[in-house]
Amino acid sequence: MKKNKTKVILGFILILVLTIAGGVVSYQGIGKKHTGSAKNIELGLDLAGGVSITYEVVGKKVSQKDIDDTIYKLQKRVEGYSTESEVIQLGDKRIQIEIPGVTDANKILEELGQPGTLSFYSPEGDVVLTGSNVKSAEAKTSQDKSGNKEYLVALEFDKEGTKAFAKATKKYLHQPIYIVYDNEIISYPTVQAEIKNGECVIEGQASFEEAEKLASSIRIGALPAELKELSSNVVSAKLGANAIQSTLKAGAIGLVLVAIFMLIIYLLPGFCASIALVSYTVMTLLALNGFNITLTLPGLAGIILTIGMAVDANVIIYTRIREEIATGKNVLSSIKSGFSKASSAILDGNITTLIAAAVLYVKGTGSVKGFAETLAMGILISMFSALVISRILAYAFYYFGFKDPKYYGKNRVFREIDYVKHGKKFAILSLVVILAGFAFMPVNKANKDIGHVLNFSLEFSGGTASTITFPEGVKMDEALEKEVVKAYEKASDSANVQTQKVEEDNQMVIKTKTLTLEQREELEKLLTGKDFNAESVACENISSTISNEMQRDAIISVIIATIFMLIYIAFRFRDVKFGASAVIALLHDVLVVLTVYSIARLSVGSNFIACMLTIVGYSINATIIIFDRIRENLKAMDGENVTLADTVNNSINQTFTRSLNTSITTFIMVFCLFILGSSAIREFALTLMAGIVCGGYSSICITGPLWYYMKKGEKKAGKGNANTAKASVFGGQPEAKPAKRTGKRQKRR
């Protein structure tokens, strides 16, 4: 006992020291370069800006498909710099690349390579294959037979290229294959053997830099369309100069409010949770820095979600401790039992979301991949915070003398609701809301200002980019930027306005949904007038930043993630109906939030994907908590005269406090974003708030009753009475058929 007490107190001191030290490092960093400082976290284009490079497609016979393929390949390539890089089409034959977190455009151009055409020729002058057959080209380091370091380029071809290369290497064995880039031979490796698998290496490079230069030339030359560089600039944040400051301020205020809420509701455990939350925040900031993760608005959404999950884990633990105290146990036993009983729910909820994050990272692109990075990182940190830090803090305060149950608050008992009985009513209500959303879609399409079933922003449907040039004497400050944005929001009737300042050229680039000729003329007249004094306003159409391929990747990622989550839930709960009802609830939440987008005509852009993914992660975590309690109660009540419906109802009622408090704490964080954020962030926060409410509702009112009716349907199909379902899932003898129910509810256990 004394030994455990000493370990706990030492752990408590270590947590405080490391949290304070980590906070100092996050605030000011270490050394002259301020290593580890939060100011050094890499930010995306939407929050901090970066480098913008514009190319022009060479040739008259280039198809739109070639341009689309080129954009997709460039998108995959520039993700090596940042997952938040963007590639869009400007006008008919120009392509713009924007890479966040960098300021040296020349270096990027050198590393990307100079765009041109690439072909592989045989000794007879015939084209063996073209750059379009190259899937990848990477510089690598290896060792020869003598153990000396050698540098090479690894190539991989597509299916068509594999066949052509196999045929060529068989025919021209021990002869060179000429790699010609932009009418110049850049390499002529000798064929050493017939290559059938579509993979080969080019040896003999003098250095890794030389190997990388060759690989770069092959990569850029493998693009379907030949490109010519037009310009390169350093641009500012898309969401405005004050976006990051307002977002951080909202986050700080949100954390303080959450801490106050936890203190009021949970007393001493709430204080422990607040310390754990501060530790979580410090660890998150250090991890963002240490792993060089580019932080964007979707990334912030992932962090907000994991903050909610970190608080959620503490809520689960401390609610269980209260319940144990309410049964008559002493505080120490209650703490031990509370952590033990809460662990399975915390692990299952976080692992399920972690599976989704892993799939989204592997299969997703762009903002989806960035969201997955921050989500996965936050989940791992939140689990450590809840299961390790919170545990040490709870035991430490007990050993410091806080042994009276009054310090832990009273277990709140809400009026019990028969969720199973009202399950069909809840389902009908949800169906009405979802159908209302679909009913508004044709109305939106008929609206001349929208023209689509949803109000697609420029990320999905493209739009207009306006380059505003100001005289050298005009100061392009935050006040001017705000006024310009207001003018474009009014003209486009949309809050989805992106603004970037181009350094050195005294220009501002405004991106909005497509503007009509009248709107363009009106804005040009306004901006070149005496109120703004701009020299010129040049407008051109731009393509969507989220290509069809990226949309396809996002959809496939979500589908695969959902399947893996279903498999995990079915395995952990030994009943596929748990997984099926969870997935149906996720679909419900997505459709309800889609209704919000439809009726409120909110802009559907890149943040739409992040919002939906956030809601999926939040909802599945809340659902797991209720399923875990159902599983626990089914085991505990084995052999007792309790119906399956009562078990479901008891489980939902027992976890209601946790569901309510978690929704409130997460809602507080997002509400602060809504109040303090810019117009684009407010729209994003609004949909997240709708998702939080919807996720809480579906977890409480939909999933449990849905699982019950699935079990009931299974028994009606010929497998016995629904009240024996517990035995069929968890083993043991079937429970006795209950007596006819009276109007009195069974008291909660």
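Anything in the stretch 286-313 that is under 20 Å from Thr614 (Cβ atoms) and modelled with pLDDT of 85 or more? List them, or say none.
Let us first name the residues in the stretch 286-313 that are under 20 Å from Thr614 (Cβ atoms), namely 287-288, 293-313.
Scanning the stretch 286-313 gives a single hit, Ala287.
Yes or no, residue by residue, for (1) more than 32 Å from the chain's Cα centre (by Cα); (2) under 30 Å from Tyr697 (Cα atoms):
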site: Lys424; (1), (2): yes, yes
site: Val443; (1), (2): no, yes
site: Ala446; (1), (2): yes, no
site: Leu454; (1), (2): no, yes
site: Val484; (1), (2): no, no
site: Asp493; (1), (2): no, no
site: Gln500; (1), (2): no, no
site: Lys513; (1), (2): no, no
site: Thr516; (1), (2): yes, no
Inset, instruction - Report yes if Arg658 is over 30 Å from Ser461 (Cα atoms), modelled with pLDDT of 85 or more and among the basic types (Lys, Arg), otherwise no. - result: no
Inset, instruction - Tell me which residues, restricted to the stretch 514-536, are open to solvent by less than 40 Å² (accessible area, probe 1.4 Å) and closer than 16 Å to Asp493 by Cβ. - result: Leu515, Leu523
Legend entry - Complete set of residues in the stretch 390-406 that are among the hydroxyl-bearing types (Ser, Thr, Tyr) and within 15 Å of Ser274 (Cβ to Cβ): Ser390
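Yes/no matrix, rows are residues, columns are (1) open to solvent by 30 Å² or more (accessible area, probe 1.4 Å); (2) β-branched (Val, Ile, Thr); (3) closer than 30 Å to Lys76 by Cα; (4) at pLDDT below 85:
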residue	(1), (2), (3), (4)
Lys336	yes, no, no, no
Ser343	no, no, no, no
Tyr361	yes, no, yes, yes
Glu373	yes, no, yes, yes
Ser390	no, no, no, no
Tyr395	yes, no, no, no
Gly401	yes, no, no, no
Pro405	yes, no, no, no
Inset, instruction - Tell me which of these Ala479 doesn't satisfy, since it passes every other one: (1) modelled with pLDDT under 85; (2) open to solvent by less than 60 Å² (accessible area, probe 1.4 Å). - result: (2)
Inset, instruction - Considering (1) at pLDDT 90 or above; (2) surrounded by 18 or more Cβ atoms within 10 Å (Cβ to Cβ); (3) of a type outside the set (Val, Ile, Thr); (4) closer than 30 Å to Lys61 by Cα, say which one Tyr188 fails and leave the rest. - result: (2)
Inset, instruction - Tell me which residues, restricted to the stretch 156-185, are open to solvent by less than 90 Å² (accessible area, probe 1.4 Å), more than 11 Å from Phe120 (Cα to Cα) and under 40 Å from the mean Cα position of the chain (by Cα). - result: Glu156, Phe157, Asp158, Thr162, Asp182
Legend entry - Of all residues making up the stretch 29-56, the number that are hydrophobic (A, V, I, L, M, F, W, C), over 14 Å from Val78 (Cβ atoms) and modelled with pLDDT of 80 or more: 1
Inset, instruction - With the condition kept exactly as written, say whether any residue in the stretch 455-475 is out of contact with any strand residue (DSSP E or B) (no Cβ under 9 Å at 6 or more places or on another chain), open to solvent by 50 Å² or more (accessible area, probe 1.4 Å), modelled with pLDDT of 85 or more and among the acidic types (Asp, Glu). - result: no
Inset, instruction - Please list, ordered by first then second residue, the pairs with beta carbon atoms under 7 Å, 6 or more apart or interchain, first in the stretch 383-412 and within 16 Å of Val8 (Cα to Cα), second open to solvent by 30 Å² or more (accessible area, probe 1.4 Å) and among the charged types (D, E, K, R). - result: Tyr399/Lys5
Inset, instruction - Would you be able to say whether some residue in the stretch 500-519 is on the phi > 0 side of the Ramachandran plot and not hydroxyl-bearing (Ser, Thr, Tyr)? - result: yes
Inset, instruction - Have a look at Ser606, Ser651 and point out the one that is small (Gly, Ala, Ser) and modelled with pLDDT of 85 or more. - result: Ser651
Legend entry - Selected residue [under 24 Å from Glu373 (Cβ atoms), open to solvent by less than 40 Å² (accessible area, probe 1.4 Å), part of a helix (DSSP H, G or I) and modelled with pLDDT of 85 or more] from Ser279, Ser246, Ser274: Ser279
Inset, instruction - Would you mind telling me which numbered condition in (1) modelled with pLDDT of 75 or more; (2) in a strand (DSSP E or B) Glu210 fails? - result: (2)
Legend entry - Residue count, the stretch 64-82 (criterion: open to solvent by less than 50 Å² (accessible area, probe 1.4 Å) and either under 17 Å from Gly44 (Cβ atoms) or in a loop (DSSP other than H, G, I, E, B) (or both)): 4
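Being part of a loop (DSSP other than H, G, I, E, B), touching a helix residue (DSSP H, G or I) at 6+ places or on another chain (Cβ under 8 Å), at pLDDT below 90 and among the charged types (D, E, K, R) is the requirement here; does Lys369 meet it? Before you say what the answer is, go through the steps one by one.
On the way: part of a loop (DSSP other than H, G, I, E, B): no; touching a helix residue (DSSP H, G or I) at 6+ places or on another chain (Cβ under 8 Å): yes; at pLDDT below 90: yes; among the charged types (D, E, K, R): yes.
Taking the combined requirement at face value, the residue does not satisfy it.
State whether one or more residues within the stretch 464-480 are within 30 Å of the chain's Cα centre (by Cα) and of a type in the set (D, E, K, R).
We begin by selecting, within the stretch 464-480, every residue within 30 Å of the chain's Cα centre (by Cα); these are 464-466, 478.
Applying the additional criterion that residues be of a type in the set (D, E, K, R) yields 478.
Taking every residue of the stretch 464-480 in turn, at least one turns out to be within 30 Å of the chain's Cα centre (by Cα) and of a type in the set (D, E, K, R).
Is it fair to say Leu566 is at pLDDT 80 or above and open to solvent by less than 40 Å² (accessible area, probe 1.4 Å)?
Values: at pLDDT 80 or above: yes; open to solvent by less than 40 Å² (accessible area, probe 1.4 Å): no.
Spelling it out, it is not the case that Leu566 is at pLDDT 80 or above and open to solvent by less than 40 Å² (accessible area, probe 1.4 Å).
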Inset, instruction - Kindly indicate the residue of the stretch 407-416 that is assigned to a loop (DSSP other than H, G, I, E, B) and touching a Phe, Trp or Tyr at 6+ places or on another chain (Cβ under 8 Å) and also surrounded by the fewest Cβ atoms within 10 Å (Cβ to Cβ) among those meeting that condition. - result: Phe414
Legend entry - Cβ-Cβ under 6 Å pairs, at least 6 apart or on other chains, the stretch 467-484 side under 14 Å from Thr528 (Cβ atoms), far side of a type in the set (S, T, N, Q) and surrounded by 15 or more Cβ atoms within 10 Å (Cβ to Cβ): Thr467/Gln507; Thr469/Gln507; Phe470/Asn506
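The values are calculated or read from the model by the stated rules, or taken from the named source; none is laboratory data. Computed from a prediction, not measured in an experiment: that's the story for all the values here. So basically every Cβ, Gly included, is an ideal-geometry build from the backbone, and we count neighbours across all protein chains shown. Accessible surface areas use protein heavy atoms only, side chains included; no ligands, DNA or RNA. Shrake-Rupley method; radii C 1.70, N 1.55, O 1.52, S 1.80 Å.
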